[in-house]
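Take a look at the structure below.
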């Protein structure tokens with residue numbers, strides 16, 4: 001017979017004081033993309049109806065970003081995911097209601113400040129993984145979100161807002177598109193993330209102006225030769241410089 005969530009939390013609390021940093025947690029909004037829509041990875045804890053973002057705690061000798069990568073790898077099995085810290089969530093009673101039935105000495109019931117990260121992945125290449133505390137871990141359409149626990153909907157909304165803002169000054173797409181892609185495929189990625197249509201000509205001029213793409217010699221042969229779209233690749237060196245230094249203009 002499986003242990004209940006309460007039994008698992010009580011057992012975890014016994015070791016957490018020694019293994020993890022108190023009062024700090026990580027919550028990750030993992031956005032998944034394919035050519036038609038956007039999803040977010042959500043978790044349902046055992047014995048719970050409300051959903052949550054995948055998250056976890058920071059080991060005492062672990063860098064914060066390494067902790068976030070570990071948490072994501074445990075949930076997705078993937079390591080090559082775009083990951084960005086975007087905010088801190090520190091309201092005094094973030095998790096008070098969730099742990100109201102537990103004793104005050106519980107490790108999880110202490111006041112926690114959450115470091116918000118967001119990540120981008122091709123959701124068709126990621127297999128969500130449940131852990132001992134959860135009953136479900138799956139991709140949910142961004143336009144059909146369920147009720148969420150604690151302040152996780154606030155974290156998710158802020159993550160999406162920050163992602164859209166970041167498109168104004170950082171390149172996106174290296175881990176989400178195949179090695180070779182067409183300009184319409186790249187534009188579709190931006191449109192799905194932004195939630196709006198973009199002018200084709202303006203998009204083309206901006207992307208070429210950013211100087212982060214290499215144009216391949218041969219077009220993609222689909223149907224009539226004179227309509228074959230040009231193929232591009234990200235120039236990895238220039239792309240990484242743009243990640244550090246930013247782009248010149250936004251959307």
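The values are calculated or read from the model by the stated rules, or taken from the named source; none is laboratory data. Everything numeric here is computed off the predicted structure, so don't read it as measured data. For neighbour counting, all protein chains shown are included, and Cβ atoms are generated from backbone atoms with ideal geometry for every residue, glycine included.
If you go through the stretch 58-76 one residue at a time, do you hit one that is in the same structural domain as residue 139 (by TED's automatic domain parsing), buried (at least 16 other Cβ atoms within 10 Å of the Cβ) and in contact with a helix residue (DSSP H, G or I) (Cβ under 6 Å, 6 or more places away or on another chain)? Yes; the residues of the stretch 58-76 include at least one that is in the same structural domain as residue 139 (by TED's automatic domain parsing), buried (at least 16 other Cβ atoms within 10 Å of the Cβ) and in contact with a helix residue (DSSP H, G or I) (Cβ under 6 Å, 6 or more places away or on another chain). Being surrounded by 14 or more Cβ atoms within 10 Å (Cβ to Cβ), farther than 30 Å from residue 186 by Cα and out of contact with any strand residue (DSSP E or B) (no Cβ under 6 Å at 6 or more places or on another chain): is that true of residue 112 here? No: the conditions fail for residue 112.
Among the listed residues 16, 29, which satisfies the condition of being within 13 Å of the chain's Cα centre (by Cα) and at pLDDT 90 or above?
Values: 16 fails: within 13 Å of the chain's Cα centre (by Cα).
From the options 16, 29, the qualifying one is 29.
Condition first: assigned to a loop (DSSP other than H, G, I, E, B) and in the same structural domain as residue 141 (by TED's automatic domain parsing). Can you find one or more residues in the stretch 13-30 that meet it? The answer is no, given that none of the residues of the stretch 13-30 is assigned to a loop (DSSP other than H, G, I, E, B) and in the same structural domain as residue 141 (by TED's automatic domain parsing). Within the stretch 146-184, the set of residues being closer than 24 Å to residue 98 by Cα, under 15 Å from the mean Cα position of the chain (by Cα) and surrounded by fewer than 17 Cβ atoms within 10 Å (Cβ to Cβ) comprises 154, 157.
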